[in-house]
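> First the structure, which I've put down as structure tokens, then a few questions once you've had a look.
What follows is calculated from the coordinates using simple rules that are stated; it is not laboratory data. Keep in mind the model is a prediction, meaning the values are calculated, not measured. All Cβ positions, even for glycine, are placed from backbone atoms using ideal geometry, and neighbour counts span all protein chains on display.
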Amino acid sequence: MVLNCLLLAGLAVVANSNQARAQTTTSASAAGSCPTVLTSSNYDAPVVGSGYTAQLVVTGLTKPRGLIFDKSGALLVVESGVGITRIQFNDRGGTCLVQDKSSALVRDDSLNHGIELSSDSQTLYASSSSEVYSWPYDPTAQTLGTKQTLITNMSNTDHTTRTLLLSKKFPDQLLVSRGSSENIDDDAASITSGHSQIRVFNISSATSPYTYATDGRMLGWGLRNSVGVAEHPQTGGLYSVENSADQLVREGTDIHQDNPGEEMNFHGYLNGSTESQGGNYGYPHCFALWDTNLPDKGDMKVGSQFVLDPSATLNDTTCAEEFVAPRLTFQAHMAPLDIKFTADGSLAYVSFHGSWNRDEPVGYKLSVVSFANGEPVEAADSTEAAVDILSNADNTKCPGSCFRPAGLAIDAQGRVFMSSDATGEIYVLQRAEMTATGGGGGGGGGSSTSGGGTLVTSTATTSTTPNAAARQAPGKGLGWLVVTLTLSLSVVGGAFLVVA
């Protein structure tokens with residue numbers, strides 16, 4: 001009886017092993033059916049998070065940033081300092097998209113990041129560091145009408161991108177985010193400056209260009225550089241991801257390696273309610289805590305806001321009582337540049353461009369944050385809210401030999417497209433019907449990575465754990481060992497067991 005059980009167990013392990021191996025072979029065959037598979041030679045093969053397949057689909061661009069799909073299915077790409085390029089794909093299904101045609105839609109070297117489309121794709125919007133423009137657009141004829149200026153007087157130094165978001169709930173409302181003019185911008189402490197703010201403008205009633213600092217409706221200020229802005233598709237709640245300050249010192253102690261944290265902030269709704277809207281989020285006085293190893297920390301935790309030099313009039317208590325704390329906090333210096341929700345609002349993808357001023361580079365990855373009922377699932381003090389789904393294999397080689405995530409777009413099939421401005425590339429990722437797991441460091445997202453997903457390469461579809469080609473399924477040898485041992489014991493016992 002014991003031998004029978006052993007033999008059955010061994011056969012079961014072998015069967016499972018063969019099934020896993022067959023799935024890997026099927027994936028490899030699928031990759032082979034894609035007529036064009038691109039591979040970057042500028043960096044090590046990326047690590048893909050569990051439940052995802054990733055493939056490089058566009059190369060040779062110039063600093064690609066903002067992305068958006070038009071109604072015809074073409075991908076519009078802002079090439080910073082060049083203009084807007086229109087890319088059409090031959091869609092072979094899954095992540096197999098072959099670039100079919102690329103054309104210059106707009107040539108304007110002042111455009112650097114922001115892009116939007118009306119819901120009918122009949123109007124195109126884009127931004128320079130100082131203006132927001134619109135054009136009549138025919139996606140079928142691939143033509144543009146005369147350019148108009150909608151918003152002006154946004155010019156400042158340092159942070160020069162102007163992110164655009166056209167509300168799906170209220171299609172006449174255009175959100176525009178503007179960053180600070182330097183690392184610690186004292187002008188941002190004044191609400192009249194227009195610095196470090198997100199404002200919304202009614203573009204249906206404009207008779208002349210708006211002035212950014214004095215017109216529109218204030219959604220939030222004290223936001224150092226909120227490059228990524230998104231609207232939750234179910235609730236209409238507005239979220240941004242903010243790049244916080246560099247080189248900070250608190251009470252004479254250098255804290256810049258792991259503080260302050262990057263932020264995800266909530267900005268209320270566009271339904272006329274002023275709840276959670278128009279508040280001051282702290283910059284340039286208050287910053288979000290990431291590393292709790294802080295001088296005079298008190299009872300602060302991750303996400304609490306602190307000042308650099310506490311005084312009787314401005315201190316950590318002031319930050320907690322008078323300013324809006326982030327909804328989530330991410331590891332310092334990862335530099336989030338975009339946020340996009342899935343159609344059901346259950347996931348938010350966040351691109352982390354990567355650090356420049358930290359001894360050990362962090363970021364350089366695409367991560368996903370789980371949502372429920374229009375809010376992040378994780379608590380505000382969580383360090384595990386962001387799960388990595390596409391990351392560089394070795395952050396010690398960054399930024400020189402790494403891709404750097406910038407803009408995001410999600411197509412009608414739910415596939416995620418990500419631009420890398422540093423390498424001139426676009427990746428596509430497809431999610432299996434399962435929970436995203438794996439990746440390195442969670443909300444911390446340091447340089448450690450663990451894959452489990454699938455990276456389509458020019459030779460095969462390989463499981464990256466990290467960057468390893470598909471290997472023999474674990475347990476294969478163990479299964480046959482159990483079978484062999486069982487049969488040997490059967491022969492020694494003088495009887496060959498027949499198992500039904």
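> Taking neighbour Cβ counts within 10 Å as the exposure measure, how do I389, I203, I426, I184 sort from fewest upward?
I184, I203, I426, I389
> Count the net charge of all other residues whose Cβ sits under 14 Å from the Cβ of T146, scoring Lys and Arg as +1 and Asp and Glu as -1.
Residues near T146 contribute -1 overall.
> For a test of understanding, tell me how many lysine pairs in region 38-456 have Cα atoms under 25 Å apart, given they are 8 or more places apart or on different chains.
17
> If you take every residue apart from T53 with its C-beta less than 10 Å away from the C-beta of T53, what net charge results, scoring Lys and Arg +1 and Asp and Glu -1?
Result for the local shell: +2.
> Taking neighbour Cβ counts within 10 Å as the exposure measure, how do W221, W356 sort from fewest upward?
W356, W221
> Could you please tell me the mean projected area of the C-alpha convex hull for region 38-456, averaged over all directions and given in square nanometres to one decimal?
About 18.5 nm², averaged over all directions.
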